[in-house]
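Report on one structure; see the data block that follows.
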């Protein structure tokens, strides 16, 4: 009887820690590991979170510049 992949420990290709795909948040319903492809855990996959943080910082800087410009345009 084949074991369910969600409960067989899978190794992250980056940090080499093992995870049960069924225990991840959200759990993976299908194994992303295929021949020729790897898998990295959420802790190692910083690409998406870094991009979001950079976009948020850029937006905050733009908003700050707009506020400063608006304050300068108001006559006293």
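The values are calculated or read from the model by the stated rules, or taken from the named source; none is laboratory data. Worth saying up front: this structure is predicted, and the values here are computed from it rather than measured. For neighbour counting, all protein chains shown are included, and Cβ atoms are generated from backbone atoms with ideal geometry for every residue, glycine included.
Let's see how each residue does on (1) closer than 30 Å to residue 20 by Cα; (2) at pLDDT 75 or above; (3) in a loop (DSSP other than H, G, I, E, B):
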residue	(1), (2), (3)
35	yes, yes, yes
57	no, no, no
61	no, yes, no
69	no, no, no
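Kindly evaluate residue 16 against the criterion of being loosely packed, with under 10 Cβ neighbours inside 10 Å, at pLDDT 80 or above and over 15 Å from the mean Cα position of the chain (by Cα).
It is true that residue 16 is loosely packed, with under 10 Cβ neighbours inside 10 Å, at pLDDT 80 or above and over 15 Å from the mean Cα position of the chain (by Cα).
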